[in-house]
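> I'd like to ask some things about the structure below.
None of the figures in this text is laboratory data; all of them are computed from the coordinates on show. Since the model is a prediction, treat every value here as computed from it, not as a measurement. Cβ atoms come from the backbone with ideal geometry, glycine included; neighbour counts cover every protein chain shown.
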Amino acid sequence: MEGRILKCLLVTVFGLTVTVTGGMTPAAEQLVIYSGRGERFTRPVARAFEARSGVKVQSLVGSPNQLLVRIQEEGARTPADVFISTSVGVLELAREGNLLQSHSSPAVDRLPAAFRGPENKWFGASLRVRAVVYRKGRVDPSAIQSILDLAKPEWEGKLAITVSTNASFIGGVAAMVAQHGEPAVRAFLKGIRRNAGVNVFPGHTPIVSAVARGEVELGLINHYYFYRAIAKDAQAPIGIVFLDQNGAGAPVLIAGLAILKEAKHPEAARRFVDFVLSEAGQKVFAEVNYEFPTNPAVPAHALLPPRAGIKLAPMAATLDAGKIDRAIDLIKAAGMR
Ligand SMILES: [Fe+2]
C-alpha cells in the first residue's frame, strides 16, 4: 500500500495547490472535501450542494495522489470527510489502505455496479473517454480506428501527447494493458513516443489548441477537452474520433468520490455523495465539464453523442489499481518524458 502510494506521488507533476473556499461558520453543518479535481469543477458542485443542503462546504484542491498521501499521513486527525478523485483507481488505493467507509442509499443503489467500489466504498461520478482530436482537412478520421493506430509510422512528427506523468495518460495506458496486453502496449508506447517527438505538452488543452492551429495533425486527449474547445468556437477546424469502436471499445477513465473512514461529518458526507449521484449533481459534471454522467438516467451534454452510442472498454479495466503500477513501469521503460 505504502509503496503504491509513494509510487503515485513520484509521478505527480503539479504541486499541491491549497485552496480553501468558504469561511468557518460554526453554527452551520459543515463538510470538508479534499478534491483531486480542479477549482473549475469543485466550486460549482460545492456551491450547488450548499444551496440545496444548507451545509457549508470547505474544499482543499490538489492532485489526487498527493491528497491520498496527505489523508494517509493525517490518519485519525484528518479534517477531510469526502475525497474526490479524477480516477477511481486512486480511490481503490485508499480503500485497500482501509481509509474509506461504506455507504448505501437509494442513490447508490441506482448506480450501475460497474461504477461502485467493493463494499460500496467509492462511487463513480463521471466518465472520461480517451479520444483523438484531429485537424479537419488534413487527417482522414477513418485512418484512425484503434488507439494502436496512433503508433503507426505514418504519424511520425504529426501526433501530440501529454507528458507521461499526466494522470489520464497513465490511466489510459492502464486500461490498454487490461485490453490489449503488455506486448501491444510496449509497442504502442514506443511508437507514440517516436511519433510525438517534441510535441509533448503539459496538458490536454494546449494539445487541442495546437491541433486547431494546425501545428500538429492529431492528439491523444480526454474527450471533454474537444467539447470545451468546440463550445468556445464552433468553427474550430477540429474533429474527434472515439477509438476502437469496432473492437475493444474506447479506453475510459472513471472519476469519482468516497467517504473517509475518519470523516468528522459523516452524515453531511453521505448527503454529498447522494447529491453528486442525483440528477442535479450529475448535471454539474455533464454541463460544466462535458463528461458522461455515470447515472444512466442523466443525459450527456447536448454537444456530445449519447453515451449509448459509444462503445466503451470494459469498466473493470480501469478499476484494477495494479494495472496503474504496471502502466507506470511500462511508461518508464519506454523512456517517455
Ligand atoms: Fe482533465
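> Roughly how many debye, to the nearest 20, is the charge dipole of the stretch 66-177 about its Cα centre, given +1 on each Lys and Arg Cβ, -1 on each Asp and Glu Cβ, and no other charges? Write out the running numbers ahead of the final one.
Values: 13 positive and 11 negative charges, 79 e Å.
Dipole size: approximately 380 debye.
> Here is a follow-up. Looking at the chain as a GNM with Cα springs under 10 Å, which of 83, 188, 272 has the largest mean-square fluctuation?
188
> In debye to the nearest 20, how big a dipole does the chain give about its Cα centre with +1 on each Lys and Arg Cβ and -1 on each Asp and Glu Cβ? Can you show the working numbers first?
On the way: 39 positive and 29 negative charges, 100 e Å.
Charge dipole, the chain, about its Cα centre: 480 debye, nearest 20.
> Follow-up. Within the chain, what percent of beta bridges assigned by DSSP are antiparallel, to the nearest 5? Intermediate results must be reported in sequence, preceding the final value.
On the way: 25 of 39 bridges.
Roughly 65 percent of the DSSP beta bridges within the chain come out antiparallel.
> Tell me which of 145, 298, 160 sits at the most positive position along the dipole axis of the chain, charges placed on C-beta atoms (Lys, Arg +1; Asp, Glu -1).
Result: 160, furthest along the dipole toward the positive end.
> Sum up the charges of everything whose Cβ sits under 12 Å from the Cβ of residue 76, counting Lys and Arg as +1 and Asp and Glu as -1, but leave residue 76 out. Write out the running numbers ahead of the final one.
Working: positive: 77, 261, 264; negative: 73, 74, 262.
Result for the local shell: 0.
> Which of 147, 84, 259 ends up with the largest GNM mean-square fluctuation for the chain, with Cα atoms connected below 10 Å?
Taking springs between Cα atoms under 10 Å, the residue moving most is 147.
> Please state the relative contact order of the stretch 32-136 as a whole percent: Cα pairs under 8 Å, 6+ residues apart?
Rounded, it is 26 percent for the stretch 32-136.
> Let me ask something else about it. If you average the sequence gap of Cα pairs under 8 Å that are 6 or more apart and divide by the length of the stretch 137-240, what percent do you get for the contact order?
Values: 113 pairs, mean separation 36.3, N = 104.
Over the stretch 137-240, the number comes to 35 percent.
> Now for a separate question. Taking the Cβ of residue 286 as the center, what net charge do the other residues with Cβ under 15 Å away carry, scoring Lys and Arg +1 and Asp and Glu -1? Please list the in-between numbers first.
On the way: positive: 37, 40, 128, 228, 283, 307; negative: 279, 287, 291.
Counting the neighbours of residue 286, the net charge comes to +3.
> What number, rounded to the nearest 500 deg cm²/dmol, is the helix-based mean residue ellipticity at 222 nm of the chain, given -39500 (n - 2.57) per DSSP H run of at least four residues and division by all its residues? Write down the numbers at each step before the final one.
Values: 13 runs with 137 residues, N = 337.
It lands at -12000 deg cm²/dmol.
> Report the label-to-label distance for residue 184 and residue 329 in nanometres (one decimal), using points 7 Å from each Cα along the Cα→Cβ vector.
Each label point is offset 7 Å from its Cα along the Cβ direction, giving 2.0 nm.
> Please enumerate, by chain and number, the lysines with C-alpha under 24 Å from the C-alpha of residue 152, excluding those fewer than 8 residues away in the same chain.
Candidates past the 8-residue exclusion: 136, 190, 311, 332.
> Pairs of Cα atoms under 8 Å, at least six residues apart: use those to get the relative contact order of the chain, whole percent.
Numbers: 668 pairs, mean separation 85.9, N = 337.
Computed over the chain, the figure is 25 percent.
> Hey, what does the equivalent ellipsoid look like for the stretch 21-108, semi-axes from the Cα gyration tensor as sqrt of 5 times each eigenvalue, largest first, whole Å?
Semi-axes (√(5λ), whole Å): 21, 15, 14.
> State to the nearest 20 debye the size of the charge dipole of the stretch 88-237 about its Cα centre, where the only charges are +1 on K and R beta carbons and -1 on D and E beta carbons.
Details: 18 positive and 12 negative charges, 50 e Å.
In total the dipole reaches around 240 debye.
> Kindly provide the pair-distance distribution of the stretch 230-331 built from C-alpha pairs, with 5 Å bins from 0 and whole-percent values in order of increasing distance.
That works out to 2, 10, 14, 17, 18, 16, 12, 7, 2, 1, in percent per bin.
> Springs between alpha-carbon pairs under 10 angstrom, Gaussian network model over the chain: which of 142, 85, 126 fluctuates most?
Looking only at 142, 85, 126, the biggest GNM fluctuation is shown by 142.
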